[in-house]
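> Got a structure for you, questions after.
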Amino acid sequence: MKTEIVVAIVMAILLSPSLSVAQNTSISKSELKKCINYYDKLEEKEGNINRLESVLDEAEAMANSFGRKMKYLRSQISTTIGAKRNNLINEYNKQKHNRNKFVHVYNLALDKHEKRVEQYNRILGTYQSRCENVSVSKADFEEVCRGKVGFCDVFR
């Protein structure tokens, strides 16, 4: 998927070593807290995106499975008559209903996925403009980052 590529590129940018060595602008303690929050939200959104991609893959696989069953039933219906044909038609309709449920789930997950990607990109823009290539005072770092990982690791 295209979003997987975008997420991979973004994560490569976020985790690149240049963040830990290039420190141009000093930020305050409150800005450091905001950067930690942006970083945590980016990780959260990335996790949401990955989970939704898994749901999308699963729903697509199930819809395809029901589609294959429907195709088989269609071929059987065309060569069958009587009560057996009626049973095949009922089974076809049941498979179609099940497929439609998974298509609906897929569409809901896709909408949610797109929303999460938009949120991720918006937060990423803020993060990049405010939190990349920054430095913090040792006192602020020790006070705010004590025991924390994620964004604080940039300064270790």
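> Taking 35 Å as R0, compute the FRET efficiency from the Cβ-Cβ separation of Glu143 and Glu58 and round it to 0.05.
0.20
> A further question follows. Under 25 Å Cα-Cα from Lys29, which lysines qualify once same-chain neighbours fewer than 8 residues away are excluded?
Lys41, Lys45, Lys138, Lys148
> Which of the aspartates and glutamates could be linked to Lys33 by a straight reach, that is with a Cα gap under 15 Å, when you skip same-chain ones fewer than 8 residues away?
Straight-distance partners of Lys33: Glu132, Asp140, Glu142, Glu143, Asp153.
> Whenever you get a sec, compute what percent of the accessible area on the range 111-156 sits on carbon and sulfur atoms (1.4 Å probe).
Ligands and nucleic acids excluded, carbon and sulfur give 44 percent.
> For the range 144-156, just list the computed ³J(HN,Hα) in residue order, Karplus coefficients 6.51, -1.76 and 1.60, θ = phi - 60°, integers in Hz, with x standing in for Gly and Pro.
8, 9, 4, x, 9, 10, x, 4, 4, 4, 4, 9, 7
> Could you please state, rounded to a whole Å, how far the C-alpha centre of the range 104-127 is from the C-alpha centre of the range 60-93?
36 Å
> Additional query: May I ask you to evaluate 6.51 cos²θ - 1.76 cosθ + 1.60, the Karplus curve with θ = phi - 60°, for each residue of the range 117-132 and list the ³J(HN,Hα) values in order in whole Hz, giving x for glycine and proline?
For the range 117-132, the Karplus curve yields 5, 4, 4, 4, 5, 5, 5, 4, x, 5, 4, 5, 6, 10, 10, 8 Hz.
> Another one. Under a no-solvent Debye model with one identical scatterer per Cα of the range 101-142, what's log10 I(q)/I(0) at q = 0.18, 0.24, 0.34 Å⁻¹?
-0.65, -0.81, -1.01
> So what does Ser135 come to for accessible area, using a 1.4 Å probe and Å² rounded to 10?
So the heavy atoms of Ser135 present about 30 Å² to solvent.
> Check Ser135: other-chain or 5+ apart residues with amide H under 5 Å from its amide H, H built from backbone geometry?
Asn24, Thr25, Ser26, Ile27
> In addition: Would you compute, for the Cα atoms of the range 11-156, the largest minus smallest coordinate along each principal axis and list the three values in descending order, in whole Å?
The Cα atoms of the range 11-156 stretch 84, 24, 22 Å along their principal axes.
The values are calculated or read from the model by the stated rules, or taken from the named source; none is laboratory data. As the structure is a computational prediction, the values presented were derived from the model and not from experiment. Neighbour counts run over all protein chains shown; Cβ positions are idealised from the backbone, glycine included. Ligands, DNA and RNA are excluded from the accessible area calculation, which covers all protein heavy atoms including side chains. Shrake-Rupley method; radii C 1.70, N 1.55, O 1.52, S 1.80 Å.
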